[in-house]
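Contents: one structure, followed by commentary.
Each reported figure results from applying straightforward, stated rules to the coordinates on display, with no laboratory input. Since the structure is predicted, the reported quantities are computational estimates derived from the model, not experimental observations. Here the Cβ is made from the backbone with ideal geometry for all residues, glycine too, and neighbour counts use every protein chain on show.
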Amino acid sequence: MKINIRPIQPSDNAILAKIIRSCFHDFEVKCTAGTVYTDPTTDDLYSLFQTPKSQLWVAEAEDKIVGCCGIFPTENLPKGCTELVKFYISNEGRGKGIGRLLLEKTIETAQELGYSQIYLESIPEFSTAVSIYEKQGFQYLNQPLGNTGHDGCNLWMLKEMSNEQ
């Protein structure tokens, strides 16, 4: 299978919003306020990721968009810390190692942009992603960091990168 990972383009907005929201249905997650499901930026990710020191990677398998993963300089995070955001894989893209490739590319980008930590928020229903985070060295936190606006999340993790290059 040919997998291509590339930066987001304006034409990706609609399909990525559909993939993100479909993950909530696939994993039977409540589509409530305080999650990316209802976040208005989900429908215009290209504009959101024009923010300096942010990046959204898009995965294509056989020339079809199957997922995304990015980093964003969320407000009130500690100095040198970025947030891992918008990590979603479509149903047809799961189980093929695409998520791991996207996450590795995103971590590499965070290092290139000078970040020393990556923070993320999730929910237990996304257990497949959580296991990938654990394998990549993310550690659990007892409380959230920063000001993400996603108060529907109840799982927080942090990866230290200061000793990696």
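Return the aspartates and glutamates within reach of LYS2: Cα separation strictly under 15 angstrom, same-chain partners fewer than 8 residues apart disregarded; answer none if there are no such residues.
Hits, sequence-local ones excluded: GLU60, GLU62, ASP63, GLU92.
Measuring from centroid to centroid over Cα atoms, what is the spacing of the range 118-142 and the range 40-65 in Å?
When both Cα centres are located, 21 Å separates them.
Just flag the trypsin sites (Lys or Arg not before Pro) in the range 57-165 sitting in loop per DSSP whose Cβ has no more than 10 other Cβ atoms within 10 Å.
Those that pass, being in a loop and sparsely packed, are LYS79.
Is the shape of the range 72-164 best called rounded, prolate or oblate, per the rule: a/c under 1.5 gives rounded, else a/b larger than b/c gives prolate, else oblate, with a ≥ b ≥ c the square roots of the Cα gyration tensor eigenvalues?
The shape class here is oblate.
Give the range of the longest stretch in the chain that excludes all GluC sites (Glu not before Pro) found in loop regions by DSSP and having at most 14 other beta-carbon atoms within 10 Å.
76-163
How much length is gained on full extension from ASN76 to ASN91, taking 0.36 nm per residue of separation minus their Cα-Cα distance?
Stretched fully, the ASN76-ASN91 segment lengthens by 2.0 nm.
Could you give the DSSP H helices of the chain that reach 15 angstrom or more along their long axis (alpha carbon positions) and whose average Kyte-Doolittle hydropathy is no lower than -1.0?
Long hydrophobic helices here: 13-26, 98-112.
Can you tell me how much longer the chain between ASN142 and GLU125 gets when fully stretched, taken as 0.36 nm per residue apart minus their C-alpha distance, in nm with one decimal?
Full extension of this stretch gives 4.3 nm more.
Give me a comma-separated list of calculated 3J(HN,Hα) values for the range 89-95, in order, Karplus coefficients 6.51, -1.76, 1.60 applied at θ = phi - 60°, integers in Hz, x for any Gly or Pro.
So the Karplus estimates, Gly and Pro as x, are 10, 5, 3, 6, x, 6, x Hz.
Once every Cα of the chain carries one equal point scatterer and solvent is ignored, give the base-10 log of I(q)/I(0) from the Debye formula at q = 0.12, 0.14, 0.20 Å⁻¹, two decimals.
-0.47, -0.66, -1.52
Can you list the aspartates and glutamates whose alpha carbon is less than 13 Å from that of LYS79, not counting same-chain residues fewer than 8 positions off?
The qualifying aspartates and glutamates are GLU160.
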